[in-house]
Amino acid sequence: MAVETSASLHDRPLVGIGCKILATLLFAFMFASIRWLGSYLPIGEIVFFRGLLGMVVIVIVALLSGGLELLATRNIGSHAVRSIAGTISMFCYFSAYVFLPLADATAITFASPLFVVILAALMLGEKVHVYRWSAVLVGFLGVLVIVGPEANLAKGAALGAGLALLGAALAALAMIYIRRMSAHEHSVTIAFYFMLTSCTLSLLTVPFGWTVPGGAQALVLLITGCSGGIGQVFLSLSYRYSEASVLAPFDYAAMIWAVVLGYFVFGEFPSAGVWVGAAIVIAAGLMILWRERQLHLERGAPPVL
């Protein structure tokens, strides 16, 4: 979700950090719900209800934030690319969480900032020197450490790892477009068109079979949509109160929630390879973050992620 960058609001970092951590917790509940639902419902159906319920949350936020005028845009082309990339990424992520333990899938998704560096160089013309390229290489080695044991266990686990990595790449592409749009598009607007697109595209999977959810499944679908939608609201709020460079390290709180939920809900505990690989990927991400902050300080520009 895009961020608001008004400098006058970036003066309550503890509030921003609290909102960011809460957002990661809500997203962790969403992914845990998806992992459970994957045994009962098709992924396309889960994506539809996640988008539909999330869109309801976004519309309510728009009404409370200034009215439905916030949803108007003249930038449909950029919204289309961002939303399609984000929707396909969602399909990949959701499928990965069905095939993999929570912590394993979460650790692989941390590769997304590595792809952002590559795409920023290719699409935005950003100069990326040896320091950040080295961090990207180290990060992908960490992904291999995570994926290695999984690929040897079962084809489903190997497929899940591949889907998680593809989802991370597409999420990075979506983030590049969010960077372009955030200067002139409200975060609510960007989120709305993403939810609308995910609902529309997921309907294309109806011919492949949907299942009428039972009572428990309907409840978990509700949890999935609401936790995802509310999580995006708190994510947006976090950037209203603090700088992106301050908040970025707290993305990795997701690993804590994934381990806790995986253990208590599914009886999962990460292997040593997952711990080591996750540590390498996180370290690479923090290296990239630190380097970007240094570069912006040298240019006299405000630090960004």
Cα-projected label distance for Gln294 with Leu137, points at 7 Å along beta-carbon direction, nm
1.7 nm
Two pseudo-spin positions, 7 Å from Cα along C-beta at Asn75 and at Ile256, lie apart in nanometres by 3.3 nm
Of the residues Tyr97, Gln232, Ala72, the Cα lying farthest along the dipole of segment 7-298 towards its positive end, which is defined by charges on the beta carbon of Lys, Arg, Asp and Glu, belongs to Ala72
Taking Cα pairs under 8 Å and at least six residues apart, what relative contact order does segment 62-212 come out at, in percent?
44 percent
A correct Karplus calculation of ³J(HN,Hα) over segment 48-56, with 6.51 cos²θ - 1.76 cosθ + 1.60, θ = phi - 60°, whole Hz and x for Gly and Pro, returns 4, 5, 4, x, 5, 5, x, 5, 4
Could you go through segment 258-264 in sequence order and give the Karplus-derived ³J(HN,Hα) for each residue, using 6.51 cos²θ - 1.76 cosθ + 1.60 with θ = phi - 60°, rounded to whole Hz, and x for Gly and Pro?
5, 5, 5, 5, x, 6, 7
Most packed first (mean Cβ within 10 Å per residue), the peptides 22-30, 209-217 order as 22-30, 209-217
Shape of the chain, Cα gyration tensor, a/c cut at 1.5
oblate
Would you mind calculating the relative contact order of the chain from Cα pairs under 8 angstrom and at least 6 residues apart, reporting the percent as a whole number?
42 percent
Apply the Karplus curve 6.51 cos²θ - 1.76 cosθ + 1.60, θ = phi - 60°, to the phi angles in segment 184-195 and return the couplings in whole Hz, x for Gly and Pro.
9, 10, 5, 4, 5, 4, 4, 5, 4, 5, 5, 5
Length released on extending from Leu204 to Glu126, taking residue separation times 0.36 nm less the Cα-Cα span:
24.4 nm
How much length is gained on full extension from Ser271 to Val212, taking 0.36 nm per residue of separation minus their Cα-Cα distance?
17.6 nm
GNM result for the chain, Cα springs below 10 Å: residue of Val206, Val276, Val117 fluctuating most strongly:
Val206
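Here, each number is a calculation from the coordinates, and none is a lab measurement. Note that the structure is predicted; figures quoted are calculated from it, not measured. In this analysis, Cβ positions are derived from the backbone assuming ideal geometry, glycine residues included, and neighbour counts consider all displayed protein chains.
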